[in-house]
Structures are given as structure tokens and as C-alpha cells.
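J.: The structure that follows is given in the form of C-alpha cells.
The values are calculated or read from the model by the stated rules, or taken from the named source; none is laboratory data. For clarity, every value in this text was computed on a predicted model and none was experimentally measured. Counting neighbours? That spans all protein chains shown, and the Cβs are built from the backbone with ideal geometry, glycine included.
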Amino acid sequence: MPPSPTVPGGPRISRRAALAGAALAGVLAVFGCGQDDPASKPAASSGDQRLTHLAPAERKTAPDISGETLKAHYQWVMRIGGAMMIATGLLMITGVWSDLISQMQSWTAGHTVGI
């Protein structure tokens, strides 16, 4: 079996964890999307729907989020992500996840993604 992908200095990610993450992403993509026809609704659900164009000189630079900032907190990000995966798995096993997703879908029933 080939070695799992790694981040320098970080723990190895098992194939099972990668598959579980991919499965979770698939479930969220399937159940998190609405059934409405996007063509029948406006692209934005609130606001004045105006686009603002800023010249390059007027734009602020994006903050640097790479390098030492992420490396310093890598283990905490992995721990919190792992805890969230375990919690989501427990919610799915007990059936609470389905109830939560149904509730969230009812909140967004009248909205569509404007992509």
C-alpha cells in the first residue's frame, strides 16, 4: 500500500479518514442543495442586487493567510476537524443528522444558489 499524503511535520492521514471525509462532503453536497429551479428565481434573495466595481487602486490587499500562521496551528486545526468528523458520524449513526438536515432545508426552501 502506498504511503498516505502528509504535510511536513504533521500526522499521516489514513485512507479510511480520507474516504470518510469524501463521503461526508458528498452527503453535504447532495442533501445541502435545494430542489428549486434556479432559473425561476432571482439570483439574490435580499439586498438591492447591485454590483459595485472597484478600480484596482481602490481595492484593499488580501491578508496573508499562509506560512507560519497556518503552520503554527496545524495540529489544532487537525484535532478540531477530527472531532467534528467524529461528532458528525455519531449524529449520522443516531439519526439526529437527518433531523438537522431536514430542519435546515426547511429554512432555505425558498432560496436558490446564485451560481
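J.: Tell me which of these residue 29 doesn't satisfy, since it passes every other one: (1) aliphatic (A, V, I, L, M); (2) more than 23 Å from the chain's Cα centre (by Cα); (3) modelled with pLDDT of 70 or more.
T.: (2)
J.: Does segment 82-96 hold any residues that are surrounded by 12 or more Cβ atoms within 10 Å (Cβ to Cβ), of a type in the set (A, V, I, L, M, F, W, C) and within 16 Å of the chain's Cα centre (by Cα), and which are they?
T.: 85 - this is the single residue of segment 82-96 that is surrounded by 12 or more Cβ atoms within 10 Å (Cβ to Cβ), of a type in the set (A, V, I, L, M, F, W, C) and within 16 Å of the chain's Cα centre (by Cα).
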